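One structure is given below, encoded as structure tokens.
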Amino acid sequence: MSHFVSYAQNCEDVVLWRALKDVRQGFYVDCGAYHPTRHSVTRAFYERGWRGINIEPVATLLENFARQRRRDVNLGLALVDGSQGTAAFYEIAGSGLSTLDPGVARQHARAGFDTRQIAVRTAALSEVLKEHAPAEIHFLKIDVEGAEQLVLSGMDFGRFRPWIVVVEATKPLTQEINASSWEHLLLGAGYDFAYFDGLNRFYVAREHHERAAVLAVPPNVFDHFVNLEQAEEINRVRASYEHSISWRVTAPLRAAKALFIAARRGIGSFISGGTADSLRSRVSEPRST
């Protein structure tokens, strides 16, 4: 059995895949997408034929999606609870910590992070979905560094019903839960809490309640997964081993080729008996396994 490769920061994709692996060519929405591979909750799904919407306000990060996620819709926006416009956004260089929240930005600046204020386009999530989403959304992931309430307030759950909603539920770089400011928006919209993984809270639409029990189990040995770093190391070891085996197995063929080239050039008679015998013996050697 081939292993599932988890690209996500906290194995969120493992849990989601367990609950949604029966869905072919599903659809996701990733708010605060950050990177198409590194810490990506959606990469494993994209590799399996899914597509979706990636929303990332930082232009340099969005460029990676344009190159690597050609089936997806990739948008440079910050999500708010109102209509389209512009807003101050705080880019935290070299991190996934960029935020709309000036208080969070100040905390990062005091901690020594390189922080700069930029202007970004804004829109409500419902407006984005009206333009780009199909009728069925299988999961919605929200990781917006303190702006969760803004994103959820701009979502029309009466019209759009993601089967599963995953929201980062701790204050940035802490284990302090911040769900009290926004959870009521999901519970009041017909979603039930299913699972907390130490970082995110998972909710299931009541019309898909049968998936809640499958979600409510941590990633484990029965999920048959490895993380990206483990997968890369396995591939390096395998490539090294296969190269070594191939080199030994094909040695007689390389010797035969050298003898054939020498013969065609008419210099076989000039090869010393010892060298010719050596080449012939190598050709006749059984292949090692």
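Taken together, the values in this text are just the output of simple stated rules run on the coordinates, not laboratory data. Please read these numbers as outputs of a predicted model, since none were measured by experiment. Note that each Cβ is placed from the backbone with ideal geometry, even for glycine, and that neighbours are counted across all protein chains shown.
Key figures
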item: Selection within region 104-146 - in a strand (DSSP E or B) and not hydrophobic (A, V, I, L, M, F, W, C); result: 115, 116, 117, 121, 122, 141
item: Residues satisfying the stated conditions in region 1-38, i.e. more than 18 Å from residue 55 (Cβ to Cβ) and in contact with a Gly (Cβ under 9 Å, 6 or more places away or on another chain); result: 10, 20, 24, 25
item: Looking only at region 169-182, and only at residues there that are outside any loop (DSSP other than H, G, I, E, B) and within 25 Å of the chain's Cα centre (by Cα), the one that is nearest to residue 13 (Cα to Cα); result: 170
item: Tabulated pairs, region 66-84, first over 19 Å from residue 118 (Cα atoms) and without any contact (Cβ under 8 Å) to a residue 60 or more places away in the chain, second part of a strand (DSSP E or B) and not hydrophobic (A, V, I, L, M, F, W, C), C-beta under 6 angstrom, 6+ apart or interchain; result: 66/74; 71/51; 72/51; 72/52; 72/54; 74/54
item: Identity of the residue in region 3-32, surrounded by fewer than 23 Cβ atoms within 10 Å (Cβ to Cβ) and charged (D, E, K, R), that ends up nearest to residue 132 (Cα to Cα); result: 24
item: Any pair with Cβ under 8 angstrom, 6 or more apart, that starts in region 126-154 at a residue that is closer than 22 Å to residue 35 by Cβ and ends at one that is among the hydroxyl-bearing types (Ser, Thr, Tyr) and assigned to a loop (DSSP other than H, G, I, E, B); result: 141/42; 143/34; 145/98
item: Subset of region 100-114 that is in contact (Cβ under 8 Å) with a residue 24 or more places away in the chain and within 15 Å of residue 150 (Cα to Cα) - its residue that is surrounded by the fewest Cβ atoms within 10 Å (Cβ to Cβ); result: 103
